[in-house]
Every structure is written in C-alpha cells, then in structure tokens.
1. Test each condition in (1) more than 12 Å from the chain's Cα centre (by Cα); (2) assigned to a helix (DSSP H, G or I); (3) of a type outside the set (D, E, K, R) for A129 and report the one that comes out false.
2. In the stretch 127-139, is there at least one residue being farther than 30 Å from A189 by Cβ, modelled with pLDDT of 90 or more and surrounded by fewer than 16 Cβ atoms within 10 Å (Cβ to Cβ)?
3. For the stretch 104-120, give me each residue that is surrounded by 12 or more Cβ atoms within 10 Å (Cβ to Cβ) and either in a helix (DSSP H, G or I) or of a type in the set (D, E, K, R) (or both).
4. What is the residue count in the stretch 43-70 for residues that are surrounded by 13 or more Cβ atoms within 10 Å (Cβ to Cβ) and either at pLDDT 75 or above or not small (G, A, S) (or both)?
5. Return only the number of the condition from (1) surrounded by 12 or more Cβ atoms within 10 Å (Cβ to Cβ); (2) closer than 27 Å to P83 by Cβ; (3) modelled with pLDDT under 90 that K159 does not satisfy.
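The values are calculated or read from the model by the stated rules, or taken from the named source; none is laboratory data. What you see is a predicted model, and the numbers here were worked out from it, not measured in a lab. So basically every Cβ, Gly included, is an ideal-geometry build from the backbone, and we count neighbours across all protein chains shown.
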Amino acid sequence: MANNVNGNISSLYRGVNGSRDSVAGNKVRGPSKDNGEKKSSGVANKFGESAKVEFSPEVEMYGKVVDLLQQKYDNADVFVAGPNDDLSQIGGDLEYSIILSEDEMKLLASDDPKDKDAKDKLMGQIDDAMSKITDLSEKISENTGEDDEVSNFGIRLDKNGKFNFFADINGQSYTDTSMDALVKNIVSAKTATE
C-alpha cells in the first residue's frame, strides 16, 4: 500500500532547498470534462475533424480520483506510485502530496457498490492523514528554527491502517508510530548537537 501524505515544506521554512533532483512516480492531473471537450474542439479546429484527443481508461480513472481528492483538499497534489518507487522523492507544487498505489487509485475510482465499504474506509484514512499532517507541520515548525533544514516530512499508512510519521531534518531521518514521539526525537537530537 503506497498510501502516503507528504508535506512540501519549502513554503514554510526559509533557506530550505525545495527542489527535488528526481521524482519517482507519476504526477497525475486528469482533465475535467469541460477541459477535455475544449481541448478536443481546439485540436479539431486546428487540424480538422480527423484529429481527436482520446484519453486512455487509466488516465480517465486517475483524473477522476484527482478531481475527487482535489475538490476535498485544494492544497494537495495527487500522485500514483509503484511498489518500488522511492516515496520520499515524490512531491508537487502544492503544500502537500497524497501518494496512492495503483490499487488504491482503482478503488477510489470504482463505482461498483461492492467496493463502497473499502472505498469509504480508504477515504476516511486519507481524511485522517490530512488532518494529522497539518498538526505534524505545526509541531515541526514549533520545534525547529530558521537554521534547520527540513527537507521532507509526512505520514505513511501501513497495510494494517496504522500511521507512521517521518521527517528529514538537517540530513537526519526520523520515523516513529507516534507524532509526539517523533517530535520528541527531533528535539532530543537538536539539543544533543547544541
């Protein structure tokens, strides 16, 4: 399960290098129905009626999920990641990134009534993670200074539905199953180096 929420903290901290050398996974931005129609007619006008823009079923499915999540969270980019992708390297232009596996994308795009319970559960987990990421962002900013380099932070949801919190600060990685324990480890490391 790739369910993951990362914070793009370059806008929160001064002196943080917000650029990423490489991005694993695919940034998914699906066209809305209106944009697709305008694009098709624009292409048709330019190249004649034989030119049509068609999207693969996969792109349409991902676009549906992106639209669903971005209606709820206008401050989050949505990505799909494979099992071997380095999730720490995935990030977008918005404040947060929601990273989902292909199976999670398919589940969220499903209109099948038998998938409703699993879909509702996954949406609940994403809602919970998005609420916790805001708290994590505030706690990290309260416990770091302008001289600290916060390169990444976020929440991962394991296959059992448990949260794991992580942060990369001053070249050191921190992980814990509790947000408070993670922040405590960060503060302890800072005081040990001072």
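1. (1)
2. yes
3. Answer for the stretch 104-120, where residues must be surrounded by 12 or more Cβ atoms within 10 Å (Cβ to Cβ) and either in a helix (DSSP H, G or I) or of a type in the set (D, E, K, R) (or both): E104, M105, K106, L107, L108, A109, D115, A118, K119.
4. 16
5. Only one criterion is unmet by K159, namely (1).
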